[in-house]
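Working notes for the structure below.
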Amino acid sequence: MIKVNIICVGKIKEDFYRAAVAEYAKRLSRFCSIEITELPEGKNLQEEGQAILRRAQGCIIALCIEGKKLSSTALAAEMKKLCDRGEKITFVIGSSEGLSPAVKEAANLKLSFSDMTFPHQLMRVILCEQIYRAFMINGGGEYHK
C-alpha cells in the first residue's frame with residue numbers, strides 16, 4: 001500500500017477542521033497509508049525547513065503559491081505515476097510565513113492550489129480532499145464528477 005505523508009507546520013485548533021481532516025483520512029485509508037505530521041512553528045523559516053526535511057521522504061510535493069497549478073485530473077495522473085513506482089509521497093504545508101527556500105529546493109514538485117491565500121488549517125482539509133479525489137479518479141470512481 002502506498003504511503004502518503006502530509007507534513008504541516010502548526011496544529012489545527014478548530015474542531016470542524018479536525019473533523020473534516022479525520023473524515024478524509026478515514027476515506028483515504030482504503031487507498032493508502034496516510035500519516036499527518038504536525039510540526040511546531042519554528043523561530044524562523046530555516047528552523048521550520050530543517051524540521052520538515054528531517055521528516056520528508058520519497059517524492060516531496062511542496063504547497064506554495066509560486067508552484068505549478070494542476071487540475072484534479074492532472075494531480076491524479078501525477079500521483080498515479082508515483083503510486084505505480086511504489087514511491088512514498090510527502091506533501092508539505094508550511095507555516096503562515098510560507099516555506100523555507102531549502103524545502104522548495106528539495107521538492108520534486110511545487111504545487112499551487114490558487115493565487116489566493118488560504119488559512120493553513122483550511123488548506124489541510126482542501127489537500128486531503130484533493131488527495132482523496134485523485135485516488136477516486138484513478139480508481140474510476142464517480143466522486144470527482
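The values are calculated or read from the model by the stated rules, or taken from the named source; none is laboratory data. These numbers were taken from a predicted model, which means no experiment stands behind them. Please note: Cβ atoms are built from the backbone with ideal geometry, for glycine as well, and neighbour counts cover all protein chains shown. These area figures cover heavy atoms from the full protein model, side chains too; ligands, DNA and RNA do not enter into them. Shrake-Rupley method; radii C 1.70, N 1.55, O 1.52, S 1.80 Å.
In this structure, does Glu23 turn out to be over 24 Å from Asp115 (Cα atoms) and surrounded by 14 or more Cβ atoms within 10 Å (Cβ to Cβ)?
Values: over 24 Å from Asp115 (Cα atoms): yes; surrounded by 14 or more Cβ atoms within 10 Å (Cβ to Cβ): yes.
Criteria met by Glu23.
Look at Ala20 and say whether it is farther than 29 Å from Asn138 by Cα, not polar (S, T, N, Q) and not in a strand (DSSP E or B). Steps first, answer last, please.
Details: farther than 29 Å from Asn138 by Cα: no; not polar (S, T, N, Q): yes; not in a strand (DSSP E or B): yes.
Here the answer is no, as Ala20 does not meet what is asked.
Suppose we keep only residues that are basic (Lys, Arg) and not in a loop (DSSP other than H, G, I, E, B) within segment 26-38. Which one would you say is surrounded by the most Cβ atoms within 10 Å (Cβ to Cβ)? Break it down into steps so the answer makes sense when it comes.
From segment 26-38, those basic (Lys, Arg) are 26-27, 30; that's our starting set.
Applying the additional criterion that residues be not in a loop (DSSP other than H, G, I, E, B) yields 26-27.
Details: Lys26: 11, Arg27: 17.
Checked segment 26-38; the qualifying residue surrounded by the most Cβ atoms within 10 Å (Cβ to Cβ) is Arg27.
Of all residues in segment 45-62 being of a type in the set (Gly, Ala, Ser) and closer than 11 Å to Phe91 by Cβ, which is nearest to the chain's Cα centre (by Cα)?
Ala62
How many of the residues in segment 1-40 are touching a Ser or Thr at 6+ places or on another chain (Cβ under 6 Å) and over 18 Å from Gly94 (Cβ atoms)?
Qualifying residue count for the region: 2.
Taking segment 4-16, which residues are surrounded by fewer than 17 Cβ atoms within 10 Å (Cβ to Cβ) and closer than 16 Å to Met123 by Cβ?
Our first condition is that a residue be surrounded by fewer than 17 Cβ atoms within 10 Å (Cβ to Cβ); within segment 4-16, this holds for 11, 13-16.
Lys11, Lys13, Glu14, Phe16, listed by residue number.
Which residue pairs have Cβ atoms under 7 Å apart, sit 6 or more places apart or on different chains, and have a first residue in segment 30-48 that is without any contact (Cβ under 8 Å) to a residue 60 or more places away in the chain and at negative phi and a second that is open to solvent by 80 Å² or more (accessible area, probe 1.4 Å) and among the hydrophobic types (A, V, I, L, M, F, W, C)?
Correct list of pairs: Ser33/Met1.
Which fully enclosed helices (runs of 4 or more DSSP H) of segment 39-145 have 3 or more residues being open to solvent by 40 Å² or more (accessible area, probe 1.4 Å) and over 16 Å from Cys8 (Cβ atoms)? Steps first, please.
Working: elements: 45-55, 72-84, 101-106, 120-138.
Filter on segment 39-145 gives 72-84, 101-106.
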